[in-house]
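First comes the structure, then the notes that go with it.
The values are calculated or read from the model by the stated rules, or taken from the named source; none is laboratory data. Everything numeric here is computed off the predicted structure, so don't read it as measured data. When we count neighbours, we look across all protein chains shown, and the Cβ atoms used for this are built from the backbone with ideal geometry, even at glycine.
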């Protein structure tokens, strides 16, 4: 998926990830099954599009880009869940 041209940048790209954030992320991964979350987010997106097709927000491309990368992460986590 192509990157969007927005003025916002991720200021955490070169920053250290704190131990607290890593801990919370690990808890989240262990608590919420990636396959279920991935499926439910896709269902929510489809439902949202169905009912709002004619009135999508201006920044909808950014939302899709963010969701794309989130789904890539969830796919990777899902692939490792039972290993």
Name the pairs: first residue in segment 17-30 and part of a helix (DSSP H, G or I), second residue surrounded by 10 or more Cβ atoms within 10 Å (Cβ to Cβ), Cβ to Cβ under 7 Å, at least 6 apart or on different chains? 29/77
May I ask you to say which residue of 29, 21 is at pLDDT below 95, surrounded by 10 or more Cβ atoms within 10 Å (Cβ to Cβ), out of contact with any strand residue (DSSP E or B) (no Cβ under 8 Å at 6 or more places or on another chain) and under 13 Å from residue 77 (Cα atoms)? 29
Answer yes or no as to whether residue 43 is exposed (fewer than 11 other Cβ atoms within 10 Å of the Cβ), assigned to a helix (DSSP H, G or I) and modelled with pLDDT of 95 or more. yes
Selection count where residues are within 11 Å of residue 34 (Cβ to Cβ) and outside any helix (DSSP H, G or I), scope segment 46-83: 2
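Rundown of residues vs (1) in contact with a helix residue (DSSP H, G or I) (Cβ under 8 Å, 6 or more places away or on another chain); (2) under 26 Å from residue 25 (Cα atoms), yes/no style:
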| site | (1), (2) |
| --- | --- |
| 35 | yes, yes |
| 39 | no, yes |
| 45 | yes, yes |
| 50 | no, no |
| 54 | no, no |
| 59 | no, no |
| 64 | no, yes |
| 69 | no, yes |
| 74 | yes, yes |
